[in-house]
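Student: Let me begin by handing over the structure; questions about it come next.
The values are calculated or read from the model by the stated rules, or taken from the named source; none is laboratory data. Keep in mind it's a predicted model, so treat the numbers as computed, not measured. Don't worry about glycine lacking a Cβ; one is built from the backbone with ideal geometry, like all the others, and counts go over all protein chains shown.
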Amino acid sequence: MLYSKIVAAQNKSKMLVVLIDPDKHDNTSLLATLEIVRQFPPDFILVGGSLVSKSVNATIEKVKSITKLPVFLFPGNLLQLCDQADGIMLLSLISGRNPEYLIGNHVLAAPFLKSTGMEIIPTGYMLVETGSKTAVEYISNTTAIPAGKTDIAVSTAMAGEMLGLKMIYLEGGSGADTPVNRTLITEIKKHISVPLVVGGGIRTAIQAKDAYSAGADVVVIGNVLEENASLLKNFVEIRDSFN
Ligand code: 1GP
């Protein structure tokens, strides 16, 4: 199971995750990206996005035809649920106050998810302000935790863990102007014992290194590879330098 691997790696080594947004690829670019993923493997793959019109199932089938890495859903909404994935990061948007993203959609999804038997990783998803408003904030109709409100962000992460969520996923949203700042990562890491995932706006290997050294157990990259997939090699090298 993936979650037990993440927990086993926690505080010993770092993990790297590639997010694939089906809508950001045509067949050629997806296959080219996957070929680089095959050469420079991350630890697992997430598939999803804020607004996805293409078939998630078809994307996962292509991913699985090229790599044996675990493929997990990272769904922006219920339309992205499918049974081809190995599991799902079941996100509760704990930085927001929209009941649909805290529990409503989960109620609707639960019978389907149970029927698939896929691995479920309950994850507290926290959006923090890192610049301009991102798609996820708009689509989810929530407000990110204001920049500089470290105490609120730390308390939110602690509450997520106390409620039984198994990971905290911290970010400014996909394509964020800047990554989450180091101080916030360090403070949250100090106050939780579940694995800490950090993503959003990480475009350089140095930024990934900063996130890891600040306390991220897992770093997620998406946009940067859509622009230049060959950069994956640099991110893998940074991850390996910690391991
Ligand atoms: C998005 O954290 C992921 O939810 C990846 O973010 O696309 O900005 O790398 P980027």
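Student: Give all pairs with beta carbons closer than 6 Å in which a residue from region 167-185 that is modelled with pLDDT of 95 or more meets a residue that is charged (D, E, K, R); count only pairs at least 6 apart in sequence or on separate chains.
Tutor: Partner pairs satisfying both residue conditions: Arg182/Asp210.
Student: Okay, moving on. Any idea how many residues of region 142-151 are out of contact with any Ser or Thr (no Cβ under 9 Å at 6 or more places or on another chain) and either closer than 13 Å to Gly131 by Cα or not basic (Lys, Arg) (or both)? Let's see the steps before the verdict.
Tutor: Pass one, region 142-151, residues out of contact with any Ser or Thr (no Cβ under 9 Å at 6 or more places or on another chain): 146, 148-149, 151.
Among the residues that remain, those that are also either closer than 13 Å to Gly131 by Cα or not basic (Lys, Arg) (or both) are: 146, 148, 151.
Of the residues in that region, 3 qualify.
Student: Ok, one more. Here is a check on your reading of the model: is Phe235 among the aromatic types (Phe, Trp, Tyr), over 22 Å from Ser95 (Cα atoms) and away from the ligand (no atom under 12 Å from the Cβ)? Break it down into steps so the answer makes sense when it comes.
Tutor: Details: among the aromatic types (Phe, Trp, Tyr): yes; over 22 Å from Ser95 (Cα atoms): yes; away from the ligand (no atom under 12 Å from the Cβ): no.
No, not satisfied.
Student: Can you name every residue in region 214-243 that is surrounded by fewer than 20 Cβ atoms within 10 Å (Cβ to Cβ), touching a residue at least 24 places away in the same chain (Cβ under 8 Å), out of contact with any Gly (no Cβ under 6 Å at 6 or more places or on another chain) and not aliphatic (A, V, I, L, M)?
Tutor: Gly215, Glu226, Ser230, Lys233, Asn234, Glu237, Ser241, Phe242, Asn243
Student: Return the residues of region 106-160 that are under 20 Å from Ser50 (Cβ atoms), free of Cβ contacts under 8 Å to residues at least 40 places away in the same chain and of a type in the set (D, E, K, R); say none if nothing qualifies.
Tutor: Listed by number, the residues that qualify are Lys133, Glu137.
Condition check ((1) of a type in the set (Gly, Ala, Ser); (2) at positive phi) across all residues:
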position: Gln80; (1), (2): no, no
position: Met89; (1), (2): no, no
position: Gly96; (1), (2): yes, no
position: Pro99; (1), (2): no, no
position: Gly104; (1), (2): yes, no
position: Gly117; (1), (2): yes, yes
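Student: Would you list the helices (runs of 4 or more DSSP H) that sit entirely within region 1-116 and hold 2 or more residues that are closer than 29 Å to Gln207 by Cα and at pLDDT 95 or above? I'd like the intermediate steps shown before the answer.
Tutor: Values: elements: 2-9, 27-39, 56-66, 105-116.
Counting at least 2 such residues, we get 2-9, 27-39, 56-66.
Student: Restricting to region 114-148, and then to whatever is closer than 15 Å to Phe74 by Cβ, within 16 Å of the ligand (Cβ to nearest atom) and not β-branched (Val, Ile, Thr), can you tell me which residue is nearest to the chain's Cα centre (by Cα)?
Tutor: Of all residues in region 114-148, those closer than 15 Å to Phe74 by Cβ come to 118-127, 134-136, 139-140.
Of the ones still in play, those that are also within 16 Å of the ligand (Cβ to nearest atom) are 121, 123-127, 134-136, 139-140.
Subset that is not β-branched (Val, Ile, Thr): 124-127, 135, 140.
Values: Gly124: 11, Tyr125: 9, Met126: 11, Leu127: 11, Ala135: 15, Ser140: 16 Å.
The residue in question is Tyr125.
Student: Still on this structure, I have one more. Across region 206-223, which residue is farthest from Ser155 (Cα to Cα) among those that are more than 14 Å from the ligand (Cβ to nearest atom) and small (Gly, Ala, Ser)?
Tutor: Ser213
Student: Kindly indicate whether Leu91 is touching a residue at least 40 places away in the same chain (Cβ under 8 Å) and not acidic (Asp, Glu).
Tutor: Working: touching a residue at least 40 places away in the same chain (Cβ under 8 Å): yes; not acidic (Asp, Glu): yes.
When the stated conditions are applied, Leu91 passes them.
Student: Next question. Which one is surrounded by the fewest Cβ atoms within 10 Å (Cβ to Cβ), of the residues in region 158-174 that are away from the ligand (no atom under 16 Å from the Cβ) and under 18 Å from the mean Cα position of the chain (by Cα)? Break it down into steps so the answer makes sense when it comes.
Tutor: Within region 158-174, the subset away from the ligand (no atom under 16 Å from the Cβ) is 158-166.
Going one step further and asking which of them are under 18 Å from the mean Cα position of the chain (by Cα), we end up with 160-161, 165-166.
Numbers: Gly160: 24, Glu161: 16, Leu165: 22, Lys166: 18.
Ranking the candidates gives Glu161 first.
Student: Also, I was wondering about something else. Considering each of Asp177, Asp151 in turn, give the residue that is surrounded by fewer than 17 Cβ atoms within 10 Å (Cβ to Cβ) and within 14 Å of the ligand (Cβ to nearest atom).
Tutor: So the residue among Asp177, Asp151 that is surrounded by fewer than 17 Cβ atoms within 10 Å (Cβ to Cβ) and within 14 Å of the ligand (Cβ to nearest atom) is Asp177.
Student: A further question follows. Looking only at region 36-44, decide whether some residue is crowded, with 16+ Cβ neighbours inside 10 Å and without any contact (Cβ under 8 Å) to a residue 40 or more places away in the chain. Lay out the reasoning, then the answer.
Tutor: First pass over region 36-44, keeping only residues crowded, with 16+ Cβ neighbours inside 10 Å: 36-37, 40-44.
Okay, now just the ones that are also without any contact (Cβ under 8 Å) to a residue 40 or more places away in the chain, so none.
No, that holds for no residue.
Student: Can you tell me which residue among Leu78, Leu30 is over 16 Å from Val220 (Cβ atoms) and within 16 Å of the ligand (Cβ to nearest atom)? Break it down stepwise before answering.
Tutor: Details: Leu78 fails: within 16 Å of the ligand (Cβ to nearest atom).
Exactly one of Leu78, Leu30 is over 16 Å from Val220 (Cβ atoms) and within 16 Å of the ligand (Cβ to nearest atom), namely Leu30.
Student: Here's a follow-up. Inside region 45-70, can you point out the residues that are closer than 12 Å to Leu81 by Cα and among the acidic types (Asp, Glu)?
Tutor: none
Student: Same structure, new question: Could you list all residues from region 185-205 that are within 15 Å of the ligand (Cβ to nearest atom) and either within 15 Å of Thr123 (Cα to Cα) or among the hydrophobic types (A, V, I, L, M, F, W, C) (or both)?
Tutor: The initial filter retains those residues of region 185-205 that are within 15 Å of the ligand (Cβ to nearest atom), namely 185, 195-205.
If the condition is that a residue be within 15 Å of the ligand (Cβ to nearest atom) and either within 15 Å of Thr123 (Cα to Cα) or among the hydrophobic types (A, V, I, L, M, F, W, C) (or both), then Ile185, Pro195, Leu196, Val197, Val198, Gly199, Ile202, Ala205 are the ones that fit.
Student: Output the residues belonging to region 105-144 that are closer than 26 Å to Asp217 by Cβ and charged (D, E, K, R).
Tutor: Of everything in region 105-144, those that are closer than 26 Å to Asp217 by Cβ and charged (D, E, K, R) turn out to be Glu119, Glu129, Glu137.
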